[in-house]
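Have a look at the structure below before the remarks.
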Amino acid sequence: MLNVSETILAQFANSPSLRTIIEGFNQAIDPRELTDAWYDSVWNPQTAVGWGLDVWGRIVGVSRVLQVANIGFFGFSEGAPDSLTFGEGVFYNGSGASSNFSLTDDAFRRLIFAKAAANIWNGSITGLNAILMMLFGDKGQCYVSDNQDMTLTYVFEFSPTGVDRSIIGSGVLPRPCGVSVNYIFIPAIDYDTDFGPDIQ
């Protein structure tokens, strides 16, 4: 505390031993540094890390762990019925059995801001474009196209990484009620293989 002497009762104010203990303890646990560290690591979403970002994720309603779509592997239908053939699948690279992927702090912060923006989105195409640019502006061009038939198309003019595909497929990108959404990637990617049939 800044004025620790003001917190000592008057009857103990002249005790040199007690004052030495209290002032030494105050210097050891200076709460100003703790308060600054708390603000930077937890309270400020732009600088929060680790557990602090997990708290912000719970506040806005997103999880750090996302389902990353499994890319089909090359194989034969006798051994693995879901395997892909020549020109479709890739050789197994020894990746883990789980498709869960824990986002890094920077990627999770991006997802948190996107969800927060979607929570306060005003329903306009301009607002959607601002959210897309906040999320993926450093990757390349991305925008929303209103097809004038109760459908929207999210257009991404870059090849998304696995994390990008997971964020896109997580449902965090907003859409108006009753409007169907499509995704276009330039260069084109196989939507069903990369996102699975459940993403619409």
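The values are calculated or read from the model by the stated rules, or taken from the named source; none is laboratory data. Note that the coordinates shown come from a computational prediction; the quantities given were computed from them, not determined experimentally. FYI the Cβ positions are ideal-geometry reconstructions off the backbone, even for glycines, and counts take in every protein chain you see. Side chains are part of the model used for accessible areas, which takes the heavy atoms of the whole protein and leaves out ligands, DNA and RNA. Shrake-Rupley method; radii C 1.70, N 1.55, O 1.52, S 1.80 Å.
Within region 113-137, the set of residues being without any contact (Cβ under 8 Å) to a residue 40 or more places away in the chain, more than 24 Å from Asp54 (Cβ to Cβ) and in a loop (DSSP other than H, G, I, E, B) comprises Asn122, Ser124, Gly137. If I filter region 148-157 down to residues being touching a residue at least 12 places away in the same chain (Cβ under 8 Å) and loosely packed, with under 14 Cβ neighbours inside 10 Å, which single residue comes out as farthest from the chain's Cα centre (by Cα)? Per the criteria, the residue is Met150. Only residues that are touching a residue at least 12 places away in the same chain (Cβ under 8 Å) and either open to solvent by 90 Å² or more (accessible area, probe 1.4 Å) or among the hydrophobic types (A, V, I, L, M, F, W, C) (or both) were counted in region 33-69, giving 14.
Considering each residue of region 1-26, count those that are under 30 Å from Val55 (Cβ atoms) and in a helix (DSSP H, G or I), and give that number. Give the derivation first.
Of all residues in region 1-26, those under 30 Å from Val55 (Cβ atoms) come to 1-2, 25-26.
In the following step, the residues that additionally are in a helix (DSSP H, G or I) were identified as 25-26.
Qualifying residue count for the region: 2.
Being touching a Leu at 6+ places or on another chain (Cβ under 6 Å) and at pLDDT below 85: is that true of Phe76 here? The answer is no for Phe76.
Look at region 177-198: where a residue is modelled with pLDDT under 50 and outside any helix (DSSP H, G or I) and a partner is open to solvent by less than 70 Å² (accessible area, probe 1.4 Å) and of a type in the set (A, V, I, L, M), sitting 6+ places away or on another chain with Cβ atoms under 9 Å, you get Gly196/Ala69.
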